[in-house]
Amino acid sequence: MEKQTNNRGQWASNIGFLMAAVGSAVGLGNIWGFPYKMGANGGFAFLVVYMVLVAFAGIAIMLGELALGRKTGLGVIGAYQTLYKKFAWVGWLGFLSGFLILSFYSVLGGYTLRYAFGFIMEIFSEGAGFGGMGSGEFFGAFTSSGGTSMLFHGIFMAITVLIVMGGIESGIEKFTKVAMPALLIMLVVVIIRSLTLEGASTGVAFMFAPNWEAFSEIGFMRVLKTAAGQMFFSLSLGMGCMITYGSYLSKQENLEKNAIIVPVVDSIFALMAGLAVMPAVGAFMSQGVEGISFGAGPGLLFVTLHQVFSVGMGGVIGNLFGFVFYFLVFIAAVTSAISLLEVCTAYFVDKQVSQGKGSGRKKLTVIVGAMIFVVGIPVCLDGLGAGVAGGAMIDSPAVMFGMAEVRMAFDCWLDFYDMIAEGVFMPLGAIMMSILIGWVLGTDVIKEEVEATPNLLMKSYKFWDICFKFIVPIAITFVLIGQIDDFFGLRIF
Ligand code: PFF
């Protein structure tokens, strides 16, 4: 089961791997999800729960995935098939999660591209970018005009496919090595601007002020569930993405160290993203600019922030920062999207290689990418749940399947896909992986792989063992129950 030297590809350097893995982790989840979820779930209190989860579950799952990937030298399906036949279905869950997540992630990535493009156009001629519409009005018009969403979804997917076609070293690694430092620079620029606005402290307080009452108001289990879901998504865990990336890692590299670096850097990026977004929202909210509030939830990224740049800052400066910000989010989304596509592509590449053929990567990537594009089309067409009655081209799953009432997850196609993948498959995948490691194969399997690196001894065996055997399966089972609870509206928590 050792890693074969074959034409699957390999990272050229550890830093290249780290850029790609951090690139996968840092994405819409950090810039969009983290700030508003943190603000709405207790601020600093949420951060504490999040950090504890990262320390006791996230890092262990990361190590487990990287080790299983490197050991088998295969993508998620091949890895589970090789390690334990009975768990092959867990590999398929991972594959399907990647497929579904990318199908909506790419639609959202297309939105960021549309907004970046819009702000550039506004610099040249007022009204050229957003048709002179207000933030909410433009968003409504854009999301319900299925054609434009589809166009940008297509462009985003094409860019993702082009990078993945290049392979591990000359596609993914090459791109992320340039994109990640660029992302960092743009983020720092936006943070400085955001923090120096008048009234910025309101936003900082919203994010960081400890609100322990949230635990009793919202319910501790709910906060835990939100934090855990966010953690999986943000760290790209539970669906074999890191198994896939780990499979291209050389035996020379230190797995324990890498498994700590990626979550730590991702968490720093999440906090930085919060500092880029929330102070600006707080500043213009306290200055009384209409339509800006912390409570926007998912609308934050497109409606509220558009208002921040176009009305709050306004003028050329507003357009310029608007462009830089949405371009930054676009870059972050692309580096995540390529990892999602790679999860799916790797399965087919592995299959070709195991039959002694060439990798066929280019052709396979195009086919898989095209399939994901098609599955994403309903997400473009239902106007984020507005449905035919709201001017969109098709209805939400709630209306289509006649499941209107409690089932929030059916409200729009995006939430529907997300619920299946992020809500159920990812936590289930993480539970099964930790059971496989802790109880079926034994944590020694991870120790052996870590120590496959010459002159390296595993440092924290006992800690990892407890994580895999107890902490991860128990904690994540609660999360899964919480998701199912939400899905069926049972209100257990
Ligand atoms: N981690 C990405 C984000 O925070 O946006 C999303 C993601 C990428 C999830 C890759 C899962 C994955 F395998």
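Observations on the model:
- Within the stretch 297-317, considering residues that are in contact (Cβ under 8 Å) with a residue 60 or more places away in the chain and surrounded by fewer than 19 Cβ atoms within 10 Å (Cβ to Cβ), the one farthest from residue 418 (Cα to Cα): 316
- For the stretch 37-82, filtered to residues that are surrounded by 23 or more Cβ atoms within 10 Å (Cβ to Cβ) and either acidic (Asp, Glu) or not in a helix (DSSP H, G or I) (or both), the residue that is farthest from the chain's Cα centre (by Cα) is 73.
- Once the stretch 92-115 is narrowed to residues that are away from the ligand (no atom under 13 Å from the Cβ) and of a type in the set (Phe, Trp, Tyr), the residue that is nearest to residue 323 (Cα to Cα) is 115.
- Of the criteria (1) surrounded by fewer than 23 Cβ atoms within 10 Å (Cβ to Cβ); (2) among the hydrophobic types (A, V, I, L, M, F, W, C); (3) more than 20 Å from residue 94 (Cα to Cα), which one residue 467 fails: (1)
- Taken together, 339, 267 contain a single residue that is of a type in the set (Gly, Ala, Ser), touching a Cys at 6+ places or on another chain (Cβ under 9 Å), within 16 Å of the ligand (Cβ to nearest atom) and at pLDDT 95 or above, which is 339.
- Exactly one residue out of 130, 215, 156 is in a helix (DSSP H, G or I) and within 20 Å of residue 109 (Cα to Cα), and it is 156.
- Counting residues in the stretch 296-303 that are out of contact with any Lys or Arg (no Cβ under 7 Å at 6 or more places or on another chain), away from the ligand (no atom under 16 Å from the Cβ), at pLDDT below 95 and not in a helix (DSSP H, G or I) gives zero.
- Residues of the stretch 332-373 that are farther than 18 Å from residue 174 by Cβ, touching a residue at least 60 places away in the same chain (Cβ under 8 Å) and not in a helix (DSSP H, G or I): 358 alone.
- Residue list for the stretch 23-37, restricted to those being more than 6 Å from the ligand (Cβ to nearest atom) and touching a Leu at 6+ places or on another chain (Cβ under 6 Å): 32, 36
- Of all residues in the stretch 258-277, those that are in contact (Cβ under 8 Å) with a residue 24 or more places away in the chain have Cβ atoms under 9 Å from Cβ atoms of residues that are surrounded by fewer than 20 Cβ atoms within 10 Å (Cβ to Cβ) and of a type in the set (S, T, N, Q), 6 or more apart or on another chain, in 258/14.
- Considering (1) within 22 Å of residue 149 (Cβ to Cβ); (2) at pLDDT below 95, the lone condition that residue 308 does not fulfil carries the number (1).
So that you can scan it fast, the table gives a plain yes or no per residue for (1) free of Cβ contacts under 8 Å to residues at least 40 places away in the same chain; (2) of a type in the set (Lys, Arg); (3) within 26 Å of residue 226 (Cβ to Cβ):
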position	(1), (2), (3)
449	no, no, no
460	no, no, no
471	no, no, yes
481	yes, no, yes
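- Residue within the stretch 136-149 that is without any contact (Cβ under 8 Å) to a residue 40 or more places away in the chain and either surrounded by 23 or more Cβ atoms within 10 Å (Cβ to Cβ) or within 16 Å of the ligand (Cβ to nearest atom) (or both) present: no
- Hey, residue 28 aliphatic (A, V, I, L, M), closer than 25 Å to residue 295 by Cβ and in contact (Cβ under 8 Å) with a residue 40 or more places away in the chain or not: yes
- Pairs where the first residue, in the stretch 236-256, is in a helix (DSSP H, G or I) and the second is near the ligand (Cβ under 8 Å from one of its atoms) and hydrophobic (A, V, I, L, M, F, W, C), C-beta under 6 Å, 6+ apart: 241/343; 244/343
- Checklist (1) at positive phi; (2) away from the ligand (no atom under 15 Å from the Cβ) applied to residue 240, failing item: (2)
- Residue check, residue 180 within 16 Å of the ligand (Cβ to nearest atom) and out of contact with any strand residue (DSSP E or B) (no Cβ under 6 Å at 6 or more places or on another chain): yes
The values are calculated or read from the model by the stated rules, or taken from the named source; none is laboratory data. Here the structure is a predicted model, which means the values were calculated and not measured. Neighbour counts are summed over all protein chains in view; Cβ atoms, including those assigned to glycine, are modelled from backbone coordinates with ideal geometry.
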